[in-house]
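Below is one structure, written out as structure tokens; comments come after it.
The values are calculated or read from the model by the stated rules, or taken from the named source; none is laboratory data. Bear in mind that the values here come from a model prediction, so they are computed numbers and not experimental data. Every residue, glycine as well, gets a Cβ built from its backbone with ideal geometry; the counts of neighbours run over all protein chains shown.
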Amino acid sequence: MMFPFIKEAVANLFSRPSTENFPAQPVTAKPGYRGRINYDPEKCINCGMCIKVCSPAAITREFEDVEGGQKITYHFDLTSCTFCGTCQDFCEEKAVTLSDDYLMFAENKEDLIVSGTRIKEKVKGKLTCADGCIYCGLCARNCPENAITVDRASKSWSVDHDKCIQCGKCISKCPKKVLSFAEPAPEGVICGSDCVFCGLCAKKCPVGAITVDRATKSWSIDREKCVQCGLCIKSCPKKTLSMGPIE
Amino acid sequence: MSYIHFPVIAVMTLFMGAFLTVVFGRKSKAVRNILALAASCTAFVLICCLIKPVLIDGEIISYWMGNWSPVEGYAIGIGYEIDQLGMFFALITVFTVLMSCIYSIRYMERDSALDFYNVLFLMLSGSVLGLVLTGDVFNMFIMIEIMTFTSVGLAAFRNNKAGSVEAGFKYLVIGSIGSSMTLFGVAILYGNCHTLNMAQLSSILAGKLTPSTLMAFALMFTGLAVKSYIVPFHTPAADAYTTAPASISMVFSGMVNKAGVYGMIRLVYIIFRAMDKSSVQLLMVIFGVVTMFVGVTMALAQHDFKRLLAFHSISQIGYVITAAGLGSALGLTAGLFHAMNHTLFKGLLFLCAGAVYYAAGTTNLDKLGGLSKKMPKTCICFLIGAFSISGLPPFNGFASKWLVYQAVYEKAVTSGNIFYAFATVAAVVVSVMTLASFIKVTQAVFFGQLPASLENVQEVPALMRLPMWIMSALCVLTGVFYDQVNKWLLAPAAGAALNVSGYIDRMMGEGYAAEAGVVNIPVFAARFSFWNPVVWLLLFIIVLAAFCLAIIGSSGDRASISSAPADAEDGKYATFFSGEKSMPSHVSGSDLFWGFKKNWKGYFKVMDGIHSGRVNDYALYVVCAAALITVFVFGFVR
Amino acid sequence: MEYLKILFNILVFPGCLFVGAMGLLLSGIDRKVLARMQKRVGPPIIQPLYDFLKLLGKETIVPKAANRKVFLGAPVVGFAALVVTAALIPVLGYRAFEGSADLIVLLYLLTIPAVALIIGGSSSGNPYAGIGISREMVTMMSYELPLICIFLAVAKKVGGSTLCFSLSQIAAYQQANGSLIGCVSLLPAAAAMLLVIPAEVGTQPFDVAEAETEILEGPLIEYSGAPLAVFKLNTSMKMYIMTALFSALFLGGLATGVTALDVLIQVLLCIALTLICMTTIHAVTARLKIEHLFKFYWTVVAGLAALSLVLVWLGF
Amino acid sequence: MIKKAIANSMQKSPWLYHVNTGSCNGCDIELVACLTPRYDVERFGFKLAGSPRHADIVVVSGPITSQSKERLLRTLEQVPEPYCIVTLGSCPQSGNVFKGSYSVEAPIDKFCHVDVAIAGCTVKPEAVIAGLYKATEILKKKREAMNK
């Protein structure tokens, strides 16, 4: 037949058009569609993995020191994004997700940037490695800021505290669970092993917090009373008293 | 009455001009130009003076050279007889001569040996004028001879250009064969009728066709057909029109060509009075249709501006022959009208081609382009000419073509012969193809892209533009006021061709025709339908004006028309080449209609073979066609 | 009074306003139905009006390479020619200009818009336009042969052994003897005419000249704003003129004598013809190549028309 | 009144001109998908135009390669007023994954003002429709501004 579509054309004339009435009836995207990025700053641990894996470099972050911590802002630039979903896959905390919202258009480019901010308090101690480390290097490899150096040969583990952003990624990656943020032990007067139990410190203490018993060779301090004036340390003849972490 | 001397003086003036140019025009450019202008102006004025007595009052002028009037009913002297038909062609001739003369003053200034040019030009003019005014067949032959040889000289005039000598040679060979045939025909007639006067021949030959007069008819028909360059005698025309200077090409197509047509009309309508025979009608219409078709298809294949125009000349003569060959008043009117219009628009187009050559130095369609910005006035003239020849209303080509269609189709329905219906179809199709090939020229020469080599082209001088403007104006005027043209020019001319008795009587004495049994064919004025172009033109203007007002009214804001400032480098006004800075056109002007040509490959291959460029072949065509015409005449004309 | 009537005829009915409105309506319907045939919703019927008005509001750029006068004048000349053509064609019973229409005049008036398009496109100096005008011209050569055969066949049928090119006479003949489409010998001519209409108007598959996907709308490439609007309007008006010409040539017998009713019938006829010969063909075919188009018209369509001419000549 | 009608029509009949500046063809396909029966933008009068001279909305896709930059700019220059520029997908706005390449000139903001940016890689047809519709509103506003 010369015109194979003539039957179809006439039939179409009397059937309903297959057009979706789109703006009037909103359409939901099919499952699995990767649309506008949602970022939950509360969940985010600021590990920066998303930034590292983003191929078009669409994700940026800003730091700003504020009172009580650090203000961390993440920008997801939708006009630069390929919507590959890698950030979503790599986010340990599921803070980055791609929604099914496909209506991404704007007059201003700024409207197409998804941002999230949170304030991170300065809390943790420094990253420390306890005994039991096997120097596997996983922590170093996963560190977004390359702050950790591990040398298997010399069995050394070190961290550059200036670089560390305390994201905690290394801790979660550590197979032996030996990494931790050491809590800064509370400081107080402690007595070393050279003590001769002379009792000078107790005499000097302005608040009477120190008790020395020469008979039983015991030295104790009432932490509640201590004001950490340091007079006892100055008075100690053996120079064995010092300020130090309390166990 | 003094004006009876005017025709002879007009012819003499032109010949005298030629003579004086030889004597005095050698050294001084001014003398040459003044002589040529004076001669052509005088001829023009003298012939125009005859409009009143001949065309308006309907008088026929006869003039016996040396007062050798007929003795005992036999014309022994050379007689000039100016009837309305001759007058019509004489007007065409003197007008063309004048225009060409004005044009050539500036146009030819870069050539050398201009005294020869002027001599040949004036002799050519004189011979054509003599041809259309004479009432003597042998004198006619003499004029044809002068015409042929001066044409040869002019065709080969620019012999520094390739092909011009070749063109002259072809013209010489083919033209000579044609002239010889005419001479044979004249000789046979003289042997039979013992007279050379047309009027007398007409009265003697009325109704008496013997084998020998038939032979004379066939030979003279062929001879004159060669002079009007209908297919298959067109071959020298294409070359000669191309190589001759444009002012001469214009003369060739405007009047030399017409002289042949005039001869044929004179031959079949008056001398033999054979147009009431359907076989003669068929012969002429077949020739006409073949001519118009071959001419236009060949034109579509051309790469040279002037050569293309040359083939169109051939094609348009086909229209004239077709219409004139119908033998009806309407047909003859249409034919004459188209002949006249052809002179106007084809002359105009040749002048435009000359202007392009003058300004740009070439007429090769592949090397030209975009000249409308450089030569806007020439462009307008060319467009008018192109629309006229393509038959777009309201130009004159439309009016005459419209008459041609009507005439041919009227013939078809009244005779019931379907051949004429297909002739009408062919005429319309040829008209469209004409339009196509002029679109091609428009695109290739005036619009399209301007090649870098033509950046410095200037508009041609005003003296060259003057004839172009005059002819453009006439193209429009004759198209719009065609009923006036019909009334004052065409109807008298056609009437003269169809009513011979007045012609015979004026020449041979009152009552001579009746004695010889010549009766007038009743002539109806050509029928023009109710379509009145003037009214439509007015309406056209109303609509146009209203529309312009509406457009202007609606856009008083920034959305109005913005065109480029003269020295703008702004990309906004640049041509869009899909984002490229510039891009050459991949379809050059001459190959524009490949969609059409692809389907006609076979035909064009055959035509290529036929137009071999060998003069031997061309001479063979002429002889073969002459033989065929003879066979046809002996077989069917009775 | 007489001049007022002529002015009315030219500007309102059946001239300018009527033919413009009809053209926009027909092309709106064409687009809508075409969309429905392709299972789409399609634009609103008045979409061509929106397009027209919008283009009026756009800036008109005259390219540097163009000849300003020719470039801007071409669309208006085409428009005026179409208005005159429309005024010449009888609207079934109603004839604005009594006895003035002539088939040959129509034939040539119908070429003017195409020539205007060609000259306008050509003057823009664009190489794409160059290709476009070449195609437009070949298209014109293609359909002109069948068209004149059709005209001659109709003229012979109506006129008998007298010359008859007058549309008025054709209309009168049909009112007396019934529509010409009922005549067997003219059936091929009517079929040929139906195929000529889309080429004359330039709708797919015969829109090679303005193929927007390959040669960027050909002659129209450099046009913008109001001149473009006029060219688009011209195309729409051609839709009406060609369908009206068809009904004048072949369906004249449907006239009732009541002008209002006749106009209504004419409008309906035009819509029906548009749907048959433009929309349906558009929906089921793809664009032809130019050489195929020429071949198609000079063999199939011209064959049909010539057959009709011969049949009429033989007296069927 | 005519001017009001023209401004209204401006919204109802936007013609698109599509410029591909080195796009991977993903966005182009989605734009064409909008013309299919399923989405059918012709409902709103959208039409693909062949020439920038006819365009009301210029749709740019692709990261603007160095080769295509000049061509894009030349094309944009030739669009008659009023018109809108709409970018399709991430590439023209940022260069997307090609960002930083020696042969990529994105973002487009460096050369011209973008009226509507449609994000996505590739854009979803619905987003294109919504974005283009937004552009038509801008068109109308631009036309109204011209009236004053």
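In the stretch D:5-22, the count of residues that are part of a helix (DSSP H, G or I), in contact with a strand residue (DSSP E or B) (Cβ under 8 Å, 6 or more places away or on another chain) and within 14 Å of chain B (Cβ to nearest Cβ) is zero.
Within the stretch D:56-76, the residues that satisfy the criterion of being polar (S, T, N, Q) and either in a strand (DSSP E or B) or within 12 Å of chain B (Cβ to nearest Cβ) (or both) are D:61, D:65, D:67, D:68, D:75.
Criterion applied to B:400, B:388, B:372 was being surrounded by 24 or more Cβ atoms within 10 Å (Cβ to Cβ) and assigned to a loop (DSSP other than H, G, I, E, B), and the one residue passing it is B:372. The set of residues in the stretch B:308-335 being within 17 Å of the chain's Cα centre (by Cα) and either surrounded by fewer than 24 Cβ atoms within 10 Å (Cβ to Cβ) or of a type in the set (A, V, I, L, M) (or both) consists of B:308, B:309, B:310, B:314, B:317, B:320, B:321, B:323, B:324, B:332, B:334.
Just to be sure before I move on: is residue D:114 at pLDDT 85 or above, on the phi < 0 side of the Ramachandran plot, within 14 Å of chain B (Cβ to nearest Cβ) and assigned to a loop (DSSP other than H, G, I, E, B) in the structure I sent? Against the criterion (at pLDDT 85 or above, on the phi < 0 side of the Ramachandran plot, within 14 Å of chain B (Cβ to nearest Cβ) and assigned to a loop (DSSP other than H, G, I, E, B)), residue D:114 does not qualify. Kindly indicate whether residue C:228 is surrounded by 24 or more Cβ atoms within 10 Å (Cβ to Cβ), under 22 Å from residue C:19 (Cβ atoms) and not β-branched (Val, Ile, Thr). Answer is yes for this residue.
Here the stretch A:143-177 is the region considered, the condition is being polar (S, T, N, Q) and in contact (Cβ under 8 Å) with a residue 24 or more places away in the chain, and the residue that is surrounded by the fewest Cβ atoms within 10 Å (Cβ to Cβ) is A:172. Annotation for the stretch C:55-71: no member residue is more than 7 Å from every other protein chain (Cβ to nearest Cβ) and over 17 Å from residue C:225 (Cα atoms). For the stretch C:214-227, a tally of residues being at the interface with chain D (Cβ under 7 Å from one of its Cβ atoms) and in a loop (DSSP other than H, G, I, E, B) returns 6. In the stretch B:206-218, the residue that is farthest from residue B:272 (Cα to Cα) out of those that are hydrophobic (A, V, I, L, M, F, W, C) and surrounded by fewer than 23 Cβ atoms within 10 Å (Cβ to Cβ) is B:215. Candidates in the stretch B:406-421 are the residues that are over 13 Å from residue C:161 (Cβ atoms) and more than 8 Å from chain C (Cβ to nearest Cβ); of these, the one that is surrounded by the fewest Cβ atoms within 10 Å (Cβ to Cβ) is B:419. When we screen C:312, C:300 for residues that are under 30 Å from residue B:423 (Cβ atoms), more than 14 Å from chain D (Cβ to nearest Cβ), touching a Lys or Arg at 6+ places or on another chain (Cβ under 8 Å) and touching a residue at least 12 places away in the same chain (Cβ under 8 Å), the only hit is C:312. Scan the stretch B:534-547 and give yes if some residue there is in a helix (DSSP H, G or I), within 14 Å of chain D (Cβ to nearest Cβ), surrounded by 14 or more Cβ atoms within 10 Å (Cβ to Cβ) and at pLDDT 70 or above, otherwise no. No; the residues of the stretch B:534-547 include none that is in a helix (DSSP H, G or I), within 14 Å of chain D (Cβ to nearest Cβ), surrounded by 14 or more Cβ atoms within 10 Å (Cβ to Cβ) and at pLDDT 70 or above.
The number of residues in the stretch D:120-141 that are part of a helix (DSSP H, G or I) and in contact with a helix residue (DSSP H, G or I) (Cβ under 8 Å, 6 or more places away or on another chain) comes to 9. With respect to (1) touching a strand residue (DSSP E or B) at 6+ places or on another chain (Cβ under 6 Å); (2) farther than 19 Å from residue D:54 by Cβ, the lone exception for residue C:225 is condition (2).
Condition check ((1) at pLDDT below 85; (2) under 23 Å from residue A:31 (Cα atoms); (3) buried (at least 16 other Cβ atoms within 10 Å of the Cβ); (4) assigned by TED's automatic domain parsing to the domain that holds residue A:155) across all residues:
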{"site": "A:67", "(1), (2), (3), (4)": "yes, no, no, no"}
{"site": "A:72", "(1), (2), (3), (4)": "yes, no, yes, no"}
{"site": "A:76", "(1), (2), (3), (4)": "no, yes, yes, no"}
{"site": "A:84", "(1), (2), (3), (4)": "no, yes, yes, no"}
{"site": "A:93", "(1), (2), (3), (4)": "yes, yes, no, no"}
{"site": "A:102", "(1), (2), (3), (4)": "yes, yes, yes, no"}
{"site": "A:106", "(1), (2), (3), (4)": "yes, no, yes, no"}
{"site": "A:109", "(1), (2), (3), (4)": "yes, no, yes, no"}
{"site": "A:116", "(1), (2), (3), (4)": "yes, no, yes, no"}
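Note on the stretch B:153-176: among residues that are aliphatic (A, V, I, L, M) and touching a residue at least 40 places away in the same chain (Cβ under 8 Å), the one that is surrounded by the fewest Cβ atoms within 10 Å (Cβ to Cβ) is B:173.
Listed here are the residues, each with its yes/no results for (1) under 20 Å from the mean Cα position of the chain (by Cα); (2) at pLDDT below 90; (3) closer than 14 Å to residue B:310 by Cα.
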residue: B:197; (1), (2), (3): no, yes, no
residue: B:202; (1), (2), (3): no, yes, no
residue: B:227; (1), (2), (3): yes, yes, no
residue: B:230; (1), (2), (3): yes, yes, yes
residue: B:240; (1), (2), (3): yes, yes, yes
residue: B:244; (1), (2), (3): yes, yes, yes
residue: B:247; (1), (2), (3): yes, yes, yes
residue: B:254; (1), (2), (3): yes, yes, yes
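Among the residues examined, residue C:199 does not qualify as surrounded by 23 or more Cβ atoms within 10 Å (Cβ to Cβ), of a type in the set (A, V, I, L, M, F, W, C), touching a strand residue (DSSP E or B) at 6+ places or on another chain (Cβ under 9 Å) and not in a loop (DSSP other than H, G, I, E, B). A single entry from B:9, B:56, B:92 fulfils the requirement of being at pLDDT 85 or above, under 27 Å from the mean Cα position of the chain (by Cα), of a type outside the set (D, E, K, R) and surrounded by fewer than 17 Cβ atoms within 10 Å (Cβ to Cβ): B:9. Could you tell me whether any residue of the stretch C:58-68 is assigned to a helix (DSSP H, G or I) and either free of Cβ contacts under 8 Å to residues at least 12 places away in the same chain or surrounded by fewer than 24 Cβ atoms within 10 Å (Cβ to Cβ) (or both)? Yes, that holds for at least one residue. Screening residue D:134 against (1) crowded, with 24+ Cβ neighbours inside 10 Å; (2) at pLDDT 85 or above leaves a single unmet condition, (1).
Matching residues to (1) crowded, with 24+ Cβ neighbours inside 10 Å; (2) over 16 Å from the mean Cα position of the chain (by Cα):
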{"site": "C:119", "(1), (2)": "yes, yes"}
{"site": "C:128", "(1), (2)": "yes, yes"}
{"site": "C:144", "(1), (2)": "yes, no"}
{"site": "C:151", "(1), (2)": "yes, no"}
{"site": "C:159", "(1), (2)": "no, yes"}
{"site": "C:179", "(1), (2)": "no, yes"}
{"site": "C:193", "(1), (2)": "yes, no"}
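Among the residues of the stretch C:1-17, those that are buried (at least 22 other Cβ atoms within 10 Å of the Cβ) and either in a helix (DSSP H, G or I) or of a type in the set (Gly, Ala, Ser) (or both) comprise C:10, C:15, C:16. Residues in the stretch D:23-55 that are of a type outside the set (A, V, I, L, M, F, W, C) and more than 7 Å from every other protein chain (Cβ to nearest Cβ) were compared, and the one that is farthest from the chain's Cα centre (by Cα) is D:36.
No other residue among B:435, B:403 is within 23 Å of residue B:343 (Cβ to Cβ) and at the interface with another protein chain (Cβ under 8 Å from one of its Cβ atoms) apart from B:435.
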